[in-house]
Amino acid sequence: MSSLLIMRHGEAAPGFPDSQRVLTPQGENEAARMARWLMTRRAKGELALPILYASPYARAQQTAGIIADALGCPLNTLDFITPEDDPAEVCDWLLSQPESALTMLVSHMPLVGNLTELLVDGRFGQGLGFATAGIAELEADVWAAGCAQLKRYTSPSQLA
């Protein structure tokens, strides 16, 4: 069974163009809180070192950079995980990834909600809601529509 972490970027400031919006201080704090939580889970042996991918948008790159620094893993960029991209395309890409690797995607709404809904429920429409810097943890034998189980969802506000 493979595992997947889907993370929404931290809180971002308004601005234009959308791709250049950066994290607010609150967004940086949210990402750092989640990074510490992931580090603790790694130290306890609960979590493998992920292969980390982020949207090319500034706020996702910043969020993923905080995670990469904390976990000591490289940061890769995927051009097709921006806000309005097709979750089915991401599913197709996931099918080509190594089965035993833990993959982590840092992206945006509505993609993170739609992708999670597609993988778990087999369809998307409304999408699942994600708090900023929230992480959904999924498991599946195959990354196809309706084949995953949502194991856990954690947001920064849930952490002490």
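So the values come out like this:
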{"read-out": "Extended-chain gain in nm, criterion 0.36 nm per residue less alpha-carbon gap, ARG36 and GLN149", "value": "38.2 nm"}
{"read-out": "The stretch 63-133 versus the stretch 137-153: alpha-carbon centroid distance in Å", "value": "12"}
{"read-out": "Ranking of MET7, MET1 by count of other Cβ atoms within 10 Å, fewest first", "value": "MET1, MET7"}
{"read-out": "In nm, spacing of pseudo-spin labels at LEU95 and THR24 (7 Å Cα→C-beta vector)", "value": "4.0"}
{"read-out": "Calculated from backbone phi, Karplus (6.51, -1.76, 1.60) coupling profile of the stretch 23-32 in Hz, x at Gly/Pro", "value": "5, 7, x, 4, x, 5, 5, 4, 5, 5"}
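Where a number appears in this text, it was derived from the coordinates with a stated rule and is not lab data. Only a predicted model underlies this, so the values are computations on that prediction, with no experimental measurement involved. When we count neighbours, we look across all protein chains shown, and the Cβ atoms used for this are built from the backbone with ideal geometry, even at glycine.
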